[in-house]
Amino acid sequence: MAPLGKKTGILQVAKLAGVSPMTVTRTLNASAPVAEATRKRVLDATEKLGYKANPFARALRGCKTKSVGIVWGLGGPHSSVGLVRDMSWALHKQGYVTYINDSLSDPEAIRMILREYMDRRVDGLILSVHFMHLLEDKQIQKLLRQLPAVVIESPENHDLPYDKLILDYYRSMEDIVDHFAKTGRKRPVVVTDYASVQPRINVFKRRLEHHGIGTEDFFIDIVREGVPLGRWFVDGLVRRYPDGKYPFDAVWTSCDEGAAALMAHFSERGYRIPEDIAVVGFNNNETSQYLSPPLASVERMNGQVMSGMVSMLLNRMAAPRSKLKEETVSMAFVPRKSAG
């Protein structure tokens with residue numbers, strides 16, 4: 001490590017590594033191919049000397065900062081932390097540092113984060129939006145235009161001029177209803193809160209109509225309260241049917257936690273799963289397959305989302321004027337015993 005108070009620069013790194021200053025720059029900026037043995041000598045020298053490039057100074061010189069911003073919704077019943085971590089690590093292996101922020105699905109939070117990224121001169125942005133109205137925000141659109149490379153993940157298509165990955169929730173909803181119909185269910189229902197999953201509820205209803213299944217009272221709305229997540233679903237159901245006599249024979253919920261709570265509740269009331277009531281959740285949590293019976297759910301395809309987003313962003317940063325790309329990743333219905 002360099003002594004305190006002594007400023008280490010590229011010339012010292014080059015001398016210790018036995019290479020030219022240009023080779024050090026190429027190695028650290030990944031701006032040109034460098035032999036692996038040479039790269040190792042340069043990196044060993046930077047570590048020994050404690051040299052760190054100043055990304056802001058590089059940005060002022062018109063160079064890349066080798067940094068990427070990731071704005072993602074990290075809350076909700078499904079955890080996006082693993083997905084974001086994997087994206088960050090994939091970018092790190094390509095030489096990028098990542099700034100990770102929770103969007104909170106809030107326009108003001110997103111605006112504030114984007115302004116910060118502009119100040120940091122990031123080379124690219126990965127943005128995930130759960131609610132499409134966020135992309136209609138004029139201030140967000142203005143900020144996006146000032147960033148050099150942008151990739152957007154959303155549940156529906158949009159006309160913004162950026163590379164985009166469409167995470168299709170809706171095919172899996174059709175598959176769930178198709179499964180209910182195939183297994184002879186006559187009255188499937190949705191038990192969830194309306195605001196967060198309205199488009200999926202609409203798809204569920206249309207698919208019921210496609211199969212000629214009645215849609216009267218097919219939706220049971222729940223109220224989010226200060227109780228454990230699974231309890232929302234049970235309490236909402238009990239308020240609707242206080243006598244515990246349930247007229248439906250299949251249930252879809254918007255998360256596996258709600259589905260697990262309902263399965264326990266149905267069993268306590270003497271209903272058999274799936275013989276009397278089939279149950280399907282959403283998000284395919286790691287524990288879902290170990291419930292009794294194993295819970296049918298929907299896989300979010302995080303691996304495909306991660307690789308698609310990272311690939312598009314790396315391509316955009318390398319070729320800013322290349323043709324815009326669009327990729328669709330469809331979530332997958334995972335049938336298990338709880339669905340019959």
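Does GLY340 satisfy the condition of being closer than 14 Å to VAL251 by Cα and touching a helix residue (DSSP H, G or I) at 6+ places or on another chain (Cβ under 6 Å)?
Numbers: closer than 14 Å to VAL251 by Cα: yes; touching a helix residue (DSSP H, G or I) at 6+ places or on another chain (Cβ under 6 Å): no.
Against the criterion (closer than 14 Å to VAL251 by Cα and touching a helix residue (DSSP H, G or I) at 6+ places or on another chain (Cβ under 6 Å)), GLY340 does not qualify.
The set of residues in region 255-283 that are surrounded by 24 or more Cβ atoms within 10 Å (Cβ to Cβ) and of a type outside the set (A, V, I, L, M, F, W, C) comprises ASP256, GLY258, GLY281. All conditions but one from (1) part of a strand (DSSP E or B); (2) more than 30 Å from ARG224 (Cα to Cα); (3) without any contact (Cβ under 8 Å) to a residue 60 or more places away in the chain apply to TYR117; the one that does not is (1).
Restrict the check to region 224-245 and report whether at least one residue is surrounded by fewer than 20 Cβ atoms within 10 Å (Cβ to Cβ) and touching a Lys or Arg at 6+ places or on another chain (Cβ under 7 Å). Checked region 224-245: at least one residue is surrounded by fewer than 20 Cβ atoms within 10 Å (Cβ to Cβ) and touching a Lys or Arg at 6+ places or on another chain (Cβ under 7 Å). Is there a residue in region 105-113 that is touching a residue at least 40 places away in the same chain (Cβ under 8 Å) and part of a helix (DSSP H, G or I)? Yes: one or more hits. Where helices (runs of 4 or more DSSP H) sit wholly within region 1-85, those with at least 2 residues that are at pLDDT below 70 occupy 55-60. Summed over region 189-217, residues that are crowded, with 17+ Cβ neighbours inside 10 Å and more than 16 Å from PHE233 (Cα to Cα) total 7.
Yes or no, residue by residue, for (1) surrounded by 14 or more Cβ atoms within 10 Å (Cβ to Cβ); (2) assigned by TED's automatic domain parsing to the domain that holds ASP221; (3) under 19 Å from the mean Cα position of the chain (by Cα):
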position	(1), (2), (3)
ASN101	yes, no, yes
ASP123	yes, no, no
ASP137	yes, no, no
LYS142	no, no, no
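One residue alone among GLU327, GLU275 is farther than 23 Å from GLY95 by Cα, acidic (Asp, Glu), touching a residue at least 60 places away in the same chain (Cβ under 8 Å) and not assigned by TED's automatic domain parsing to the domain that holds ASP178, and that residue is GLU327. Output yes when any residue across region 291-306 is within 30 Å of ALA149 (Cβ to Cβ), β-branched (Val, Ile, Thr) and either under 15 Å from the mean Cα position of the chain (by Cα) or surrounded by fewer than 24 Cβ atoms within 10 Å (Cβ to Cβ) (or both), and no when none is. Looking for residues that are within 30 Å of ALA149 (Cβ to Cβ), β-branched (Val, Ile, Thr) and either under 15 Å from the mean Cα position of the chain (by Cα) or surrounded by fewer than 24 Cβ atoms within 10 Å (Cβ to Cβ) (or both), one finds at least one in region 291-306, hence yes.
The values are calculated or read from the model by the stated rules, or taken from the named source; none is laboratory data. These numbers were taken from a predicted model, which means no experiment stands behind them. Methodologically, a virtual Cβ is constructed for each residue, glycine included, from the backbone with ideal geometry; neighbour enumeration extends over all protein chains shown.
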